[in-house]
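See below for the structure under consideration.
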Amino acid sequence: MLDALGLDNLEETVYRQLVAAPSANLEELAEAAELDTYAVSAVLSALEGKGLVARASAGQDRYVASPPAVALGALLVQRQDELRRAQVEMTELAGLYRGSVARRDVADVVDVVHGTEAIAQRFAQLQYSAKKCIQALQKPQAAVVTREDADEAERAAIERGVRHDIVLERSVFDTPGIYETIDSGLEIGIELRVVPTVPLRAFIVDREIALIPLMNGEHNTVQDALLLHPSGLLDAIIALFDLIWTSAPKLVATPEGTVETAADRLEPLDTKVLSLLLAGLTDASIGAQLGLSLRTVQRRVRQMMDRARVDTRLQLGYEAGRRGWL
């Protein structure tokens, strides 16, 4: 766990042995860590250089650990300073990048990513950089990353509050083990919808950039992908996703743990809020009627507007009628 502070596995192992002992010599540490004395000697020299160990006053051949709160605290402050400097540099580079994007011509709004490793790396970068939402159109076969890597990235993004909206092609359900994957996705908060066919694979991050994997029909693999920067082409991909998402039925988990499709519907509480809103009640009156705070009412109305992809409450009323929410 100390690799974040610049310690490798051997350094952490030896340091932990010293922390748990009053002092120890080279042979004792080598035996406890199941290493040869030459390796331990090199590790001790590195730890001394980092201020994590010192020679015991009782003898030059014995070592003691520096207090973790002091020694590791100093390393932590150093890393935090490095991260702050990196944040400043990233902000400056982002400004330069935005300026260069504004000067791009048509050929520059699309980057071609070659090779499965490069595609997987770019996919992970996009996943970990997401701040607001991830939207995807998913077809069967030819996964860009392994399921384990995808699960880790998804959980990390969801913990940061990133919303995940994913549309599955129905043939995805023919994949072995897919129901377990879907159940785990629903459990961590991913919203899944299903349609008969998906026209293409797409991975959209914060509605600002998209990765489009390209299938090799002959080998049924993904060897290339398009990275779309802000442009009319990206706008078209986002509009396509919105169109498919709006009409796609939602996947829900039953109490028995199975998965079934359900129509695009509201939760009972949202239905009550919407009914009172359309009846002309103010947010405060709706809260008083339903025992909700004003902030809760406003938040739920905002969520319904986002779900309906509208900007005004008048538009929300129209969409509610069209979708059969009431």
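Yes/no per residue for (1) out of contact with any helix residue (DSSP H, G or I) (no Cβ under 8 Å at 6 or more places or on another chain); (2) at pLDDT below 75; (3) surrounded by fewer than 10 Cβ atoms within 10 Å (Cβ to Cβ):
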site	(1), (2), (3)
Ala65	no, no, no
Ala69	yes, yes, yes
Arg84	yes, no, no
Val106	yes, yes, yes
Glu117	yes, no, yes
Check: Which pairs do you get when a residue that is of a type in the set (D, E, K, R), found in the range 287-300, comes within reach of a residue that is surrounded by 13 or more Cβ atoms within 10 Å (Cβ to Cβ) and in a helix (DSSP H, G or I), reach meaning Cβ atoms under 7 angstrom, with the pair 6+ apart or on two chains?
Finding: Arg300/Asp270; Arg300/Val273
Notebook entry, point to check: Ser275: small (Gly, Ala, Ser), modelled with pLDDT under 90, assigned to a helix (DSSP H, G or I) and surrounded by 14 or more Cβ atoms within 10 Å (Cβ to Cβ), yes or no?
Noted result: yes
Margin query: Under 8 Å between Cβ atoms, which residue pairs at least 6 apart in sequence (or on different chains) link something in the range 116-139 that is within 18 Å of Met215 (Cα to Cα) with a partner that is hydroxyl-bearing (Ser, Thr, Tyr)?
Written below: Thr116/Thr221; Lys139/Ser171
Margin query: Being in contact with a Leu (Cβ under 8 Å, 6 or more places away or on another chain) and either buried (at least 19 other Cβ atoms within 10 Å of the Cβ) or part of a loop (DSSP other than H, G, I, E, B) (or both) is the filter here; which residues of the range 14-30 pass it?
Written below: Val14, Tyr15, Gln17, Leu18, Ala24, Leu29
Check: strands (runs of 3 or more DSSP E) wholly in the range 168-217 with at least 3 residues that are crowded, with 20+ Cβ neighbours inside 10 Å and touching a residue at least 40 places away in the same chain (Cβ under 8 Å) - which ones?
Finding: 202-205
Next item on the list: With the condition kept exactly as written, say whether any residue in the range 260-270 is modelled with pLDDT of 85 or more, of a type outside the set (S, T, N, Q), in a strand (DSSP E or B) and under 26 Å from the mean Cα position of the chain (by Cα).
Entry: no
Next item on the list: State all residues of the range 107-140 that are over 17 Å from the mean Cα position of the chain (by Cα) and farther than 26 Å from Val194 by Cβ; if no residue qualifies, say none.
Entry: Ala107, Asp108, Val109, Val110, Asp111, Val112, Val113, His114, Gly115, Thr116, Glu117, Ala118
Note to self: With the requirement that a residue be among the hydrophobic types (A, V, I, L, M, F, W, C), under 11 Å from Leu278 (Cα atoms) and free of Cβ contacts under 8 Å to residues at least 12 places away in the same chain, what does the range 301-326 give you?
What the structure shows: Leu314
Next item on the list: Please identify the pairs in which a residue from the range 64-92 that is closer than 14 Å to Ala54 by Cα has its Cβ atom under 8 Å from the Cβ atom of a residue that is basic (Lys, Arg), counting only partners at least 6 apart or on another chain.
Entry: Val64/Arg55; Ala71/Lys50
Notebook entry, point to check: Which of the residues belonging to the range 278-326 are open to solvent by 40 Å² or more (accessible area, probe 1.4 Å) and of a type in the set (Phe, Trp, Tyr)?
Noted result: Tyr318
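The values are calculated or read from the model by the stated rules, or taken from the named source; none is laboratory data. The shown structure was predicted, so the numbers you read here are calculated from the model rather than taken from an experiment. When we count neighbours, we look across all protein chains shown, and the Cβ atoms used for this are built from the backbone with ideal geometry, even at glycine. Remember, those area values only see protein heavy atoms, side chains included, never the ligands or the DNA or RNA. Shrake-Rupley method; radii C 1.70, N 1.55, O 1.52, S 1.80 Å.
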